[in-house]
Number of protein chains: 2
Amino acid sequence: MSSATPATPTRPVHTGAVNLVTLEDITAAAERIAGHAVRTPLVPAPWADRPLWIKPESLQPVGAFKIRGAYNAVASVDPARRERGVVAYSSGNHAQAVAYAARAFGVPAWIVVPEDTPRVKVDATRAHGAEVVLVKTGERESAAYAIVEREDATLIPPFDDPRVIAGQGTIGLEIIADLPDVDLVLAPVSGGGLISGVAAAIKALRPEAQVWAVEPELAGDTAESLAKGELVPWSVADRNRTIADGLRSQPSPLTFAHQQAYVDGIVTVSEDEIRSAVTTLAHRAHLIAEPSGAVTTAAVLHHSDKLPTGKTVAVLSGGNIDPDALATLLQA
Amino acid sequence: MSSATPATPTRPVHTGAVNLVTLEDITAAAERIAGHAVRTPLVPAPWADRPLWIKPESLQPVGAFKIRGAYNAVASVDPARRERGVVAYSSGNHAQAVAYAARAFGVPAWIVVPEDTPRVKVDATRAHGAEVVLVKTGERESAAYAIVEREDATLIPPFDDPRVIAGQGTIGLEIIADLPDVDLVLAPVSGGGLISGVAAAIKALRPEAQVWAVEPELAGDTAESLAKGELVPWSVADRNRTIADGLRSQPSPLTFAHQQAYVDGIVTVSEDEIRSAVTTLAHRAHLIAEPSGAVTTAAVLHHSDKLPTGKTVAVLSGGNIDPDALATLLQA
C-alpha cells in the first residue's frame, strides 16, 4: 500500500537501490511492440454495478499479456547477442511469449520446463518453434542458466526485469489513451511484472487515478507483504492451492518496489468468486478468461464496496484455460 | 457474383435505380459512432492454414456489429424528429442495438417482437430501456408502421437502409486501417447490410482486395440469387432450419445491388462446420461467437480451397449465443 507517488517521466524514481521503470521506458516499449502485440480495446461491461471496461489481453497472439514484456525484452537485446538465442524457464504463458518473440526475430529459443508439465503446454511451446528442455522440478533455474552459459544466450525472466515490466506497462498507456478520465485500474498480481508496469504508466500519466492489485486469497502473499511493508514469502505449496495457475509466483524486490511506490490498494478474491467471474465474462462479455485473468472482474463483482468508485478498467490478463475446465464452468 | 467494380469515393454508383452507399457515407458514419461502438482490433489466428485475422464484433456493447448501423441511423435522424422516438421490428441483435442507441440519445424506443420471442431476448431489450411491443408472428411490420404513424417516430430498419449499411461499413474502414495489404475479407450474409457496407468500404479503399460472403447452406438463398443474377426468395421455413439464427433473413433489392456490385464470391457452410467453428474460436482465439458469427471462420477452416489465398480477415459478427447451447458445444 503506498502513498501513490507519481513517477516523473524523465527522472527515474529510486526506492532504496532499485530503479523503477520510467514512462520513457514504457513508451519506448510501445514503439517496439507495435504491430506485434494486439492493440486491445476497452470492452464496455454495462452489466456491472459501476462504469466498467474490460481490457482483454486474452486476444494477444499467445493468449496473454506476456507477449508485451517478452517481445520488448527480446527486442531490447543487442542484435549480435540476440542471434545466439534466448532462454526462459516457465511452463506457462511466458514460455510461449518468449518462444513467439524469438521466432519473430528468427533466433533460437530454449524453454526450460519441469518434466511434469502438461503435454498440451509443451506442445504449444514447441509449436512456436522453441526447443523445450525438460528438467526435474526445482532445477529449472539452474538448467536455464547452464544453457545461457553454454550458448552465450540471453535469459528473459518472466517478471524480474525492467524490460519486461516496461513491456507490460504499455497496457497502462493504452488505457489512458482510450479512457483519459479513468478513476481506477485493476490488475492481477503474482510475480508483479504486470501491475508494476501498468501502475508506473498510469501514475505517470494520470496520478489522480488509483491502481489496485487483485490476487487470490489462497495465494495472498502480496496482500500480506504490502500490509507489512516487506516481502513475506509464502510456500510454493500454499501458493499452488489456487486454480489461478498464473498467479502462483511472488514478487521480486524489483516488482515489490514498484508496488510500494505506485499501487494504492489490494483486494483478494475467493476461488468461487474467480470461477463465477470466468462464467460471467463468457456469458456477458463474450470473452474467455483463464482463472488468473478473471480475478479483476471477480473483484468488481464481489468486492465493489472495498474499491474506490468511478470509471474502472479491469485488466483481463489471459485466456489460456483448459478446455475441460472451461466446459465444466459453463455447464454449471 | 460480380466484376468487383471499385466504388469512387465522391460519386455514387448507380445500379439501375438504386444508389449505393459511398465511402463518404461510411466515413461520416465512422465519425458519428466513434466512442459509441468499440474500435475492434484484428486478432491474429495463427492456428489457420493461411494468414488469418478475426475481427471480433462480439465485443460491441450489444454483442454484435448491429450497434454500428443502428447508432449511425439514429444519429442521422433530424434531432427534432428523433426526440419523438425510434421504432424497430426485430427479435435479435438489431432490437438491442436500436434500444441501446435510443438510450444513448435519450429518446424513446419501441421494439416490436413476435409474442413467441424467448423471454431472455425480451428482457435484454427492456434492459436497454426500450418499450417491447409483443405482436402475433407475421404482424411485426404492420405493428411497427402503426407505431411510427401514431407517435410520428422514425423506423430504423435492420438492413434495408443506407444509413444502416454505411454504419456497418465502418468495419471495412477499420480493416484497411489495421491491415492495409489485406487480400480477402469474409463477412456473413443474410439481409446483407453487413456485407454491403463492408464491401463498399473495401472496394473503395483497396479495389484489388476480394470480398466474399459466407452463408449457411440451409439458408443459402443469397448464393442462389448471386448465381442467377436475381433475387431468389426462399421460404421462411427453409431459412429457419439453420442454427445461425442471425442469418435467416434475405437481401433486399438495395443490399442485393451492393452485393452484385462489390462481392466477389460466396461460399456456404454446413451446420456441423458452424458448430465446429464456434468451438475452435473459443479454444484457439478465446472468443465466444454465436453460430451466425462463426460462419466466416467455418469457411476458412473447411473451405479454404475454394477461397482466394492471401491475408484474410474473417468478420466475427456477434457473440450472443444461448448459454446452454454454448456449454453443449464446448462439452463435445
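Values quoted throughout were computed directly from the atomic coordinates according to the rules given, and no laboratory measurement underlies them. Not measured: the values here are computed from a predicted model. Note: ideal-geometry Cβ built from the backbone for every residue, glycine included; neighbour counts use all protein chains shown.
By the beta-carbon count within 10 Å of each Cβ, the least crowded to most crowded order of B:Lys311, A:Lys228, B:Lys306, fewest first, is A:Lys228, B:Lys306, B:Lys311.
Principal axis extents of the C-alpha atoms in the protein assembly as shown (largest first, rounded to whole Å): 74, 51, 47.
Listed by Cβ neighbour count within 10 Å, with the fewest neighbours leading, A:His303, A:His258, A:His94 appear as A:His303, A:His94, A:His258.
Every Cα-Cα pair in chain B was counted, and those over 34 Å apart are 16% of them.
What percent of all Cα-Cα pairs in segment B:265-332 falls in each 10 Å bin, counting up from 0? Here the calculated profile for segment B:265-332 is 22, 55, 20, 3.
The alpha carbon radius of gyration of segment A:227-271, expressed as a multiple of 2.2 N^0.38 Å, is 1.24. Between the residues B:Ala146, B:Pro158, B:Leu23, the greatest Cα displacement towards the positive end of the dipole of chain B, with unit charges on the Cβ of Lys, Arg, Asp and Glu, is found for B:Leu23.
Set the Förster radius R0 to 22 Å, insert the Cβ-Cβ distance between B:Glu24 and B:Arg81 as r into 1/(1 + (r/R0)^6), and round the FRET efficiency to 0.05.
The calculated FRET efficiency here is 0.45.
Reachable lysines from A:Lys121, Cα under 21 Å, same-chain residues fewer than 8 places away excluded? Result set, ordered by chain and number: A:Lys66, A:Lys136. Note on the protein assembly as shown: dipole from Cβ charges, positive end direction compared against B:Gly106, B:Ala277, A:Ser190; the farthest Cα belongs to B:Gly106. The chymotrypsin sites (Phe, Trp or Tyr not before Pro) found in segment A:113-220 include none that occupy coil by DSSP while having at most 14 further C-beta atoms within 10 Å. Looking at segment B:66-155, the DSSP beta bridges with both ends there are about 0 percent antiparallel.
With Rg and the Kirkwood Rh both taken from Cα atoms, where does Rg over Rh land for segment B:152-282?
We get a ratio of 0.98 for segment B:152-282.
Structural descriptor for chain B: relative contact order 23 percent, calculated from alpha carbon pairs under 8 angstrom and at least 6 residues apart. A Cβ-based charge dipole, computed about the Cα centre of segment A:66-155 with Lys and Arg at +1 and Asp and Glu at -1, lands at about 320 debye.
Using the Kirkwood formula over every pair of different C-alpha atoms, what hydrodynamic radius in Å results for segment A:11-93?
One over the average 1/r among Cα pairs gives 15.5 Å for segment A:11-93.
When DSSP beta bridges are restricted to pairs lying wholly in chain A, around 15% turn out antiparallel. For the options A:Ala204, A:Ala34, A:Ala101, a Gaussian network treatment of chain A with springs between C-alpha atoms closer than 10 Å singles out A:Ala34 as fluctuating the most.
Among A:Ser225, A:Ser190, A:Ser58, the largest mean-square fluctuation in a Gaussian network model of chain A, built with springs joining Cα atoms closer than 10 Å, belongs to A:Ser225. Cα centroid separation, segment A:209-238 to segment B:132-153: 58 Å. Bridgeable lysines around B:Lys228 (alpha carbons under 25 Å apart, same-chain partners fewer than 8 residues away excluded): B:Lys203, B:Lys306.
With a cap of 14 neighbouring Cβ atoms within 10 Å, and only residues DSSP puts in a loop, list the trypsin sites (Lys or Arg not before Pro) found in segment A:111-204.
Here the sparse-neighbourhood loop sites are A:Lys136.
In 5 Å bins starting at 0, how do the alpha-carbon pair distances of segment B:214-299 split up by percent? All Cα pairs considered, the percentages come to 3, 16, 24, 22, 18, 11, 6, 2.
Could you work out which residue, out of B:Gly167, B:Gly69, B:Gly138, moves most in a Gaussian network model of chain B, that is, has the largest mean-square fluctuation with Cα springs under 10 Å? Maximum among the listed residues: B:Gly138.
Our compactness index for segment B:41-143, the C-alpha radius of gyration over the empirical 2.2 N^0.38 Å, is 1.26.
Expressed to the nearest 5 percent, the antiparallel share of DSSP beta bridges inside the protein assembly as shown is 15 percent.
Of the GluC sites (Glu not before Pro) in segment B:98-158, the ones in a loop by DSSP (not H, G, I, E or B) with at most 14 other beta carbons within 10 Å are B:Glu115, B:Glu139. Under 19 Å from a label point 7 Å along Cα→Cβ of B:Glu141: give me every residue in segment B:189-204 with its amide N that close. Only B:190-194 pass the distance filter. Given +1 at the Cβ of Lys and Arg, -1 at the Cβ of Asp and Glu and no other charges, the dipole of the protein assembly as shown around its Cα centre is 720 debye to the nearest 20.
By the count of other C-beta atoms within 10 Å, a proxy for reagent exposure, A:Ser196, A:Ser252 are ordered fewest to most as A:Ser252, A:Ser196. Across peptide A:277-289, the average count of Cβ atoms from other chains found within 10 Å of a residue's Cβ is 5.
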